[in-house]
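Q: Supplied in structure tokens, the structure appears directly below.
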Amino acid sequence: MRLARFTEFGKKIICVGLNYKLHVKEMKNSLPTTPIVFLKPPTAYVINEGSIRIPKNCQELHHEVELGVVIGRKGSSVNENEAEDLIGGYVIALDMTARDLQSKAKSSGKPWSIAKGFDTSCPVGNFIPKEALPNANSLDIWCKVNGQLKQKGNTSDMIFTIPHLISYISQYFTLEIGDLILTGTPDGVGPVNSNDIIEIGIGDISKASFKIE
Ligand SMILES: CC(=O)CC(=O)C(=O)O
Ligand SMILES: [Mg+2]
């Protein structure tokens, strides 16, 4: 299985929003009672050291660092106890968000597809096999912009755990090898501008870097 090349598979990118309490607070939202799920197309991928494009009509592009779970085995309607078996590995990732377009969409009841799914909205680091990250439920994830720390969170603070997310999502979407689940961002999201360098990582285990065009 060529999971190391999962970004070439053209598979689903399934994102979870508002999964950390402090981020829910900074976004002035109410706590979700079930996971909030949305999709990005596979054309959103950018691999390590690539460039991120500011989408048309966007004046406020935000970084959101997130742990990504890469699916390694097909599954549908799995329960939480079976969820672990579907995991192939992990990546550090960004859910780049056109925050102004998202706010406009939110207030007029329209979908977030453009604000979240534009080309280059899903930069990812290198694939980490699951054996290399035995405790994905307690990992430090971080984001720096031009060397300044902007986000620092721990996956133990997720409202819905990774097994819960896999089980929940699999009730609606068959999960396939190469699919990616973005598990939500911790607090500290903020704007980036042309020529900024975004660095993201999982502790000192994995690191990736991207430039805003
Ligand atoms: C409000 C958001 O953009 C949700 C999201 O993507 C996240 O919490 O992560
Ligand atoms: Mg997000």
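Read-outs throughout are calculated quantities, based only on the coordinates presented, and are distinct from any laboratory measurement. What you are looking at is a predicted structure, and each value in this text was computed from that prediction instead of being measured. So basically every Cβ, Gly included, is an ideal-geometry build from the backbone, and we count neighbours across all protein chains shown.
Q: Counting only C-alpha contacts under 8 Å and six or more residues apart, can you give the relative contact order of region 11-64 as a whole percent?
A: Once normalised by length, the contact order is 37 percent.
Q: Of all alpha-carbon pairs in region 59-117, indicate the percentage at a distance above 17 angstrom.
A: The answer is 57 percent, as a whole percent.
Q: Right, next: Mind giving me the FRET efficiency for E176 and T33? R0 is 25 Å, r the Cβ-Cβ distance, nearest 0.05 is fine.
A: The formula returns an efficiency of 0.35 here.
Q: A follow-up question, please. Name the shape class, rounded, prolate or oblate, that the alpha-carbon gyration tensor gives for region 2-212, where a ≥ b ≥ c are the square roots of its eigenvalues, rounded holds for a/c under 1.5, and otherwise prolate holds if a/b is larger than b/c and oblate otherwise.
A: Rounded is the answer for region 2-212, as its axis ratio a/c remains below 1.5.
Q: Taking Cα pairs under 8 Å and at least six residues apart, what relative contact order does region 18-125 come out at, in percent?
A: Answer for region 18-125 is 35 percent.
Q: Related question: Given axes a ≥ b ≥ c from the Cα gyration tensor, I'd like to know whether region 58-176 is rounded (a/c under 1.5), prolate (a/b larger than b/c) or oblate.
A: Since a/c reaches 1.5 but b/c is at least a/b, the shape of region 58-176 is classed as oblate.
Q: How large is ³J(HN,Hα), in whole Hz, for each residue of region 161-173 in order, when computed from phi with the Karplus curve 6.51 cos²θ - 1.76 cosθ + 1.60 and θ = phi - 60°, using x for Gly and Pro?
A: Couplings: 6, 4, x, 5, 4, 4, 4, 4, 4, 5, 6, 10, 10 Hz.
Q: Using Cα-Cα distances under 8 Å and only pairs 6 or more residues apart, what relative contact order does region 50-204 have, in percent?
A: 36 percent
Q: Ok, one more. Give me, ordered by chain and number, the residues 5 or more places off D196 or on other chains with an amide H under 5 Å from its own placed amide H.
A: So D196 has HN proximity to I212.
Q: Right, next: Order of 59-65, 197-203 by packing, highest average Cβ count within 10 Å first?
A: The packing order, highest mean first, is 59-65, 197-203.
Q: Rg/Rh for region 124-213 to two decimals, with Rh computed the Kirkwood way over all alpha-carbon pairs.
A: That ratio is 0.99, to two decimals.
Q: Describe numerically, in nm with one decimal, the distance between label points set 7 Å from Cα along Cα→Cβ at N137 and at D204.
A: Each label point lies 7 Å from its Cα, and together they span 2.7 nm.
Q: Applying the Karplus parametrisation 6.51 cos²θ - 1.76 cosθ + 1.60 with θ = phi - 60° to the phi angles of region 29-40, what ³J(HN,Hα) value in whole Hz is obtained for each residue in order, glycine and proline being reported as x?
A: Working through the residues one at a time gives 9, 9, 4, x, 9, 9, x, 9, 10, 9, 10, 10 Hz.
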